[in-house]
1. How many residues are open to solvent by 40 Å² or more (accessible area, probe 1.4 Å) and touching a His at 6+ places or on another chain (Cβ under 9 Å) if we restrict to segment 308-336?
2. For segment 243-273, how many residues are open to solvent by 10 Å² or more (accessible area, probe 1.4 Å) and within 19 Å of the chain's Cα centre (by Cα)?
3. Based on this model, can you work out whether H151 counts as open to solvent by 20 Å² or more (accessible area, probe 1.4 Å), within 30 Å of E307 (Cα to Cα), at pLDDT 95 or above and within 16 Å of the ligand (Cβ to nearest atom)?
4. Scan segment 337-363 for residues that are part of a loop (DSSP other than H, G, I, E, B) and either of a type in the set (S, T, N, Q) or surrounded by fewer than 20 Cβ atoms within 10 Å (Cβ to Cβ) (or both) and jot them down.
5. What is the one condition in (1) over 30 Å from L170 (Cβ atoms); (2) within 16 Å of the ligand (Cβ to nearest atom) that L126 does not satisfy?
6. Which helices (runs of 4 or more DSSP H) does segment 41-139 wholly contain that include 1 or more residues that are in contact with a Lys or Arg (Cβ under 8 Å, 6 or more places away or on another chain) and assigned by the TED database to the domain that holds T245?
7. Check whether at least one residue in segment 188-204 is touching a residue at least 60 places away in the same chain (Cβ under 8 Å), within 11 Å of the ligand (Cβ to nearest atom), touching a helix residue (DSSP H, G or I) at 6+ places or on another chain (Cβ under 6 Å) and among the hydrophobic types (A, V, I, L, M, F, W, C), and report yes or no.
Amino acid sequence: MNLHLESYSTGVTAKELAERRREFLEIGRRSGHFPSASARQDGVDSQISVWCSNDYLGMGQNPQVIEAMKKTIDTHGVGSGGSRNIGGTNHYHVLLEAELADLHGKEAALLFTSGYTANDGSLSVLAGTPKDTIVFSDEKNHASIIDGLRHSGAQKHIFRHNDVAHLAELLAAAPADRPKLIVLESVYSMSGDIAPLAEIAELARRYDATTYIDEVHAVGMYGPQGAGIAAREGIADQFTVVMGTLAKGYGTVGGYIAGPAALVDAVRTLSRAFVFTTSLPPAVAAGALEAVRYLRNSDVERKVLAENAQLLHRLLDEADIPFISPDSHIVSAFIGDDETCKQASRLLFERHGIYVQSINAPSVPLGQEILRIAPSTVHGREDVENFAEALRGIWKELNIPTATDRNWLS
Ligand code: PMP
């Protein structure tokens, strides 16, 4: 008997290891392939047309943003030197937080190194303070929200996606004297549909609940000065905390919350994801600041994005291709099969030089696979037409169910 193979010091047998390896391989196989595709100004990466970038407004290529970052590297170097509380707070962090608070009409804002950590770090504190808070969370909320809520240890109720009646039912059933927190997104990241914000705000008022809204896929893109969907609807003041990213509409990296000073200060003090990590490099904060200021003053990018999204919605409708929602610029063409979805993505890439990532589990549930199409300002009218035509061809070739087949009204 070969003892070495039979057992390791952890007590895991070679057979168990082999099984785990098979399981890892199986999980890994579910993932699509991820071509290296960093779009240039014209949306092309070595002849590849990119249709899944979150740099929706081209701010990652904006000359003013680039210049701001270059200048700051020259004056401040490339790193921040520490966590925010120990030597890593820079002039640009402070300016950016003031700008974001002002954009959202809130008392204060707080930066994180990503949108993920902003949600995780903020909710782990906000949902757990006071300790007996009950959380009401939309079933399609992003993984970073789910993780933050888990870390808070708070009691949690999940309401059906965008289902106001279900949320009302859950709120009514909860003890009146317990503090309540409602957590939602404005534009949902995978389906592109928009939450019924006014109705949810009304419920929050009725049940005296705090509200936390993730506007990651909206800031920069919607609302006056790019302040998001709640601002577009004129009800930003009815949401206690707004959360956003600097990595999508603002083209750089980082995340933030904005809200009442007392809540923001509590997160600043207690959030492990804020306290125990190195802060954003000054040049990133300077670039993001430039992007936020630029989009407060320019509507051009928002207009081009809206036009491209509307054109794509119309062309997909004409091609009878089912997509989840016409509410926003996130156009999720529904395939609903793991292998077919990956194949569609691969064929678009190989035949047409189009890169659109297939979205598989765990980003969506198994059987709900989509091509998450993101038109952006780098695409012209002709690009949108060519894209829709290519997609129509792939749909036919792979015999993917059409909207009519699915009896689907988008
Ligand atoms: N919230 C939502 C709804 C998201 O879709 C994402 C990322 N896709 C995040 C938060 C995390 O943002 P970031 O990429 O800046 O970490």
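The values are calculated or read from the model by the stated rules, or taken from the named source; none is laboratory data. This one's a predicted model, so the numbers in the text were calculated from it and none came from an experiment. Don't worry about glycine lacking a Cβ; one is built from the backbone with ideal geometry, like all the others, and counts go over all protein chains shown. SASA here: full protein model, heavy atoms, side chains in, ligands and nucleic acids out. Shrake-Rupley method; radii C 1.70, N 1.55, O 1.52, S 1.80 Å.
1. 1
2. Matching residues across segment 243-273 total 6.
3. Criteria not met by H151.
4. D337, G353, Q357, N360, A361, P362, S363
5. (1)
6. Answer list for segment 41-139: 91-104, 115-126.
7. Within segment 188-204, none of the residues are touching a residue at least 60 places away in the same chain (Cβ under 8 Å), within 11 Å of the ligand (Cβ to nearest atom), touching a helix residue (DSSP H, G or I) at 6+ places or on another chain (Cβ under 6 Å) and among the hydrophobic types (A, V, I, L, M, F, W, C).
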